[in-house]
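If you scroll down you'll find the structure; I have some questions about it.
Just so you know, all these numbers are worked out from the coordinates, no wet-lab data involved. Please read these numbers as outputs of a predicted model, since none were measured by experiment. Glycine also receives a Cβ, built like all others from the backbone with ideal geometry; neighbour counts cover every protein chain displayed.
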Amino acid sequence: MLCDDCKKKPATIFFKEVLPGKVTELHLCEACAQKRGLMMDKKLSPFELLQKLLQKRSAKDEQVICQVCYLSLAEFKRQGRFGCSHCIEHFRPYIENLIKQIHQSSKHVGRRPKQGARKSFKVFKLREELRRALEKEAYEDAAQIRDRLKDFGVDDAE
């Protein structure tokens, strides 16, 4: 089946819109579907982006080798993972642009904990402080810690 718009390419996108009293069917190629705004650009996951970028290989990639684990840059591109912790330093000049494209930065800084995790950690620390203050019989300090726990919405201050 050919595209309904260009009548040249095979239709790969089938669009059906059902409205009260009217059914519209379109059979489009990808180019025509994008022109009509029916296709969204899929945002690639970091893994998919890595695979796409690593597909570009050259003969020189076989010659670039990690001096610790002897993994070649070509093998890294095939596997998508390093052989040891030193590989990133050995391959840095060849993968710097790759890192920038994946992380939108030249360094990976990791993920930040979600706000709930931070809050529960602070509550845990405050409860520990409260327990120690009560053991020392420092009741004024314990009252201040109890008030800080109430600010976090914790009513079961021990």
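Can you pull the one-decimal nm distance between simple spin-label points at ARG78 and ARG36, each 7 Å off the Cα toward Cβ?
4.4
Could you check the simple spin-label distance between MET1 and GLU135, using points 7 Å along Cα→Cβ, in nm with one decimal?
Those two pseudo-labels are separated by 7.4 nm.
Fewest first, what order do SER72, SER85 take by the number of other Cβ atoms within 10 Å?
Starting with the residue having the fewest Cβ neighbours, the order is SER85, SER72.
Relative contact order of region 1-41: what whole-number percent is it, with Cα pairs under 8 angstrom and at least 6 residues apart?
36
Mind checking the full-extension length gain between GLU96 and GLU62? Use 0.36 nm per residue of separation minus the Cα-Cα distance, one decimal, nm.
Going from the current span to full extension adds 10.5 nm.
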